[in-house]
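K.L.:
Here it is: the structure, laid out below.
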Amino acid sequence: MKGSHKIALYGVLMALTVIMTMVIQIPLPASAGYLNLGDMVIFLTAIILGKKAGFLVGGIGSALADILLGWGFYAPITLVAKGLEGYVAGWLLETSWGEKYPILPTLIGGVVMAVGYYSAEIFMYGAGAALVNLPANIGQGAFGAIVAVALYTLLKGRIASLKIK
């Protein structure tokens, strides 16, 4: 894929991450957060395009969604947490077991994201308050992983024919 095509594709995927984060929001009563499909786009990107794309799409797309939703103070944290989510999933998907069982790398990526938020929120709110959001963030990552792997499984023949890697 040519450089300009890759940049355009990453931009579209970042925009899709923003849209899927902003449009579908299921509030989580136990935390200040919400369930969305942004992580699904991050994981699909990592599965199809690899760790670098997973990092860029996850970090930048999700941070832009935070800014647009009025959570700008979270944008730097999100850039790192969601970027690492996509990178770790993409990196582990390159292993033999990751290729065979893509749900495992994506679930691990979701845990990395949750730990990233937890680590930052300890400094923002204290350890006890940060712990309240940890299960919701793990659930968010797991939800995105399950939907992404299911969607990829359904579409992988069509995706392979595009030869976008």
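Every read-out reported here was derived from the displayed coordinates using simple, explicitly stated rules and does not represent laboratory data. Worth saying up front: this structure is predicted, and the values here are computed from it rather than measured. Cβ coordinates were reconstructed from backbone atoms using ideal geometry, including for glycine residues, and neighbour counts include every protein chain displayed.
K.L.:
For Cα pairs less than 8 Å apart in space and 6+ apart in sequence, what is the mean separation divided by the residue count of the chain, i.e. the relative contact order in percent?
P.N.:
23
K.L.:
Note down the relative contact order for the stretch 94-140 as a percent, whole number, built from C-alpha pairs under 8 angstrom at least six residues apart.
P.N.:
It comes to 36 percent, rounded to a whole number.
K.L.:
Quick check on the chain: helices-only [θ] at 222 nm, where DSSP H runs of length 4 and up contribute -39,500 (n - 2.57) each and the sum goes over total residues. Nearest 500, please.
P.N.:
Calculated from helices alone, the mean residue ellipticity at 222 nm is -25500 deg cm²/dmol.
K.L.:
Sticking with this one: If packing is taken as the average number of other Cβ atoms within 10 Å across a peptide's residues, how do 107-113, 9-15, 149-155 rank, most packed first?
P.N.:
107-113, 9-15, 149-155
K.L.:
Taking only Cα atoms, what is the 0 to 90° angle, nearest 10, from helix 38-49's long axis to the longest principal axis of the chain?
P.N.:
That helix lies at roughly 30 degrees to the long axis.
K.L.:
Lysine pairs in the stretch 3-162 8 or more apart or on different chains: how many have alpha carbons under 19 angstrom apart?
P.N.:
Lysine pairs meeting both conditions in the stretch 3-162 amount to 7.
K.L.:
Taking a ≥ b ≥ c as the square roots of the eigenvalues of the Cα gyration tensor of the stretch 61-134, is the shape rounded (a/c under 1.5), prolate (a/b larger than b/c) or oblate?
P.N.:
Note, shape of the stretch 61-134 comes out oblate.
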